[in-house]
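Engineer: Have a look at the structure that comes next, please.
The values are calculated or read from the model by the stated rules, or taken from the named source; none is laboratory data. As the structure is a computational prediction, the values presented were derived from the model and not from experiment. Cβ placement follows ideal geometry from the backbone for every residue including glycine, while neighbour counts extend to all protein chains displayed.
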């Protein structure tokens, strides 16, 4: 009995030690911050595009006679802990607030004063989202998540104006950016959050009959308001619709497991690329698809991305 | 944020990452580890609060939702779930003081670029999931916006639910925009001089 108990306690101690080692290795192994810098640029471009579109309808959504009045938005959020600088902006300063926001988002994109501009960008993203709850969708959720993590991590340490200025201060000494624990930590936050998004997206579909009987993809692709390519030819191939529905479900549910199997990771990322491009092409949800792919980019090998960036940005083309 | 010293010591390896950090770094790591666990518990609570919800998820949501609200993380990520729903559209007829009429549909399929079209589609899509207590104020706010936009004295609103055409009907020659696929709900007339 004592021997058995001893074995159990040794097993538990080994398990605790292995878990601690695994946890530390997962979160605190330093990596090259170039991939994080690349994700910052891609997220920044998406932010600039998204907010440029808001600029086309600024008066309709953020002005005094907007679709949802400021009062109604406040009433809607009365039991929530939300904030938006738009609550403080008088009608005559709407364009000024917008121009300032775009300027800060541009600084963030190019990586200028990134420590500050990333935090301000997060405040801008949240403020815009909390002013227009009537027009939000998946794009806003994912871009908000990415901006949050980029504001937490050292997203301006590489592939940025900040890093270029720092190298100039060192008299043009182009030393490689040192590996960073914080960069890895940030990439891991994005990794885990992406896994949760796919898992929850899949699990929530399991509550619907249409995802079980395979009709769901027809309800999506046959929806006139979302259709950007005529897919009604699929009505003559119902088995294809059923397979597409079940494949989508399998992909969403299995992403969070298969992405961690090294040999399968390229395959899972390729699958994500194909499916998101198909969502963009068939349903017109290009911005959502692209921002999900930016999130998926956090699973790329940081060292490989760093080498590629060095080769592309080297004055002699990496020669 | 700098999780436990952001710069790597020379020739760092995963094993050495946890080998001998000093007390300050260890303490910082424990705080960060705790935050990671709480943060992702909160994300899962936000996802779990949608749909059939056990009591412990409700308790977790009660605890975390100020944090989630403030960081704009209070999302369910339930895309086209539990099932893809029919689209919601809105027809409007704005009457100007001179009697002229401006009619339109939200969303207008001619709107470009695509993201702007998506935003206007969402204006009506959200009506489908709106709590009843806000429904009337929501319509009134849209009506007021249309009044100002078109300089109208009154606006008539009609809500349309557009159901997807079953595959069998498409095979038999049915079109996705067939009038039979729409269900109308007359929301009535809104005077533009209402407070």
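Engineer: Report, by residue number, each residue of segment A:154-197 that is in contact with a helix residue (DSSP H, G or I) (Cβ under 9 Å, 6 or more places away or on another chain) and free of Cβ contacts under 8 Å to residues at least 12 places away in the same chain.
Structural biologist: First, the residues of segment A:154-197 that are in contact with a helix residue (DSSP H, G or I) (Cβ under 9 Å, 6 or more places away or on another chain): A:154-163, A:173-177, A:179-197.
Of everything in segment A:154-197, those that are in contact with a helix residue (DSSP H, G or I) (Cβ under 9 Å, 6 or more places away or on another chain) and free of Cβ contacts under 8 Å to residues at least 12 places away in the same chain turn out to be A:173, A:174, A:175, A:192.
Engineer: What is the one condition in (1) more than 8 Å from every other protein chain (Cβ to nearest Cβ); (2) in a loop (DSSP other than H, G, I, E, B) that residue A:226 does not satisfy?
Structural biologist: (1)
Engineer: With respect to residue B:99, is the statement that it is at positive phi, surrounded by fewer than 16 Cβ atoms within 10 Å (Cβ to Cβ) and at pLDDT below 95 true? First the steps, then the outcome.
Structural biologist: Values: at positive phi: yes; surrounded by fewer than 16 Cβ atoms within 10 Å (Cβ to Cβ): yes; at pLDDT below 95: yes.
Taking the combined requirement at face value, the residue satisfies it.
Engineer: Here's another thing I want to ask about it. Sort out which residues of segment A:110-123 are in contact (Cβ under 8 Å) with a residue 60 or more places away in the chain and surrounded by fewer than 22 Cβ atoms within 10 Å (Cβ to Cβ), and write them in order of number.
Structural biologist: A:110
Engineer: Here's a follow-up. Consider residue B:46 carefully, then state whether it is in a helix (DSSP H, G or I), away from every other protein chain (no Cβ under 11 Å), under 18 Å from residue A:196 (Cα atoms) and in contact with a helix residue (DSSP H, G or I) (Cβ under 6 Å, 6 or more places away or on another chain).
Structural biologist: Values: in a helix (DSSP H, G or I): yes; away from every other protein chain (no Cβ under 11 Å): no; under 18 Å from residue A:196 (Cα atoms): yes; in contact with a helix residue (DSSP H, G or I) (Cβ under 6 Å, 6 or more places away or on another chain): yes.
It is false that residue B:46 is in a helix (DSSP H, G or I), away from every other protein chain (no Cβ under 11 Å), under 18 Å from residue A:196 (Cα atoms) and in contact with a helix residue (DSSP H, G or I) (Cβ under 6 Å, 6 or more places away or on another chain).
Engineer: Hey, another quick one. Would you call residue A:171 surrounded by fewer than 21 Cβ atoms within 10 Å (Cβ to Cβ), on the phi > 0 side of the Ramachandran plot and either more than 7 Å from chain B (Cβ to nearest Cβ) or part of a loop (DSSP other than H, G, I, E, B) (or both)?
Structural biologist: The answer is yes for residue A:171.
Engineer: Name the helices (runs of 4 or more DSSP H) wholly inside segment B:86-195 in which the number of residues that are facing chain A (nearest Cβ under 9 Å) and touching a strand residue (DSSP E or B) at 6+ places or on another chain (Cβ under 7 Å) is 2 or more. Explain how you work it out, then say what you get.
Structural biologist: Values: elements: B:114-125, B:132-150, B:167-171.
Where helices (runs of 4 or more DSSP H) fall fully within segment B:86-195 and carry at least 2 residues being facing chain A (nearest Cβ under 9 Å) and touching a strand residue (DSSP E or B) at 6+ places or on another chain (Cβ under 7 Å), they are B:114-125, B:132-150.
Engineer: Which of (1) within 20 Å of residue B:77 (Cα to Cα); (2) at the interface with another protein chain (Cβ under 7 Å from one of its Cβ atoms); (3) in contact with a helix residue (DSSP H, G or I) (Cβ under 6 Å, 6 or more places away or on another chain); (4) modelled with pLDDT under 90 is the odd one out, the single condition residue B:51 does not satisfy?
Structural biologist: (3)
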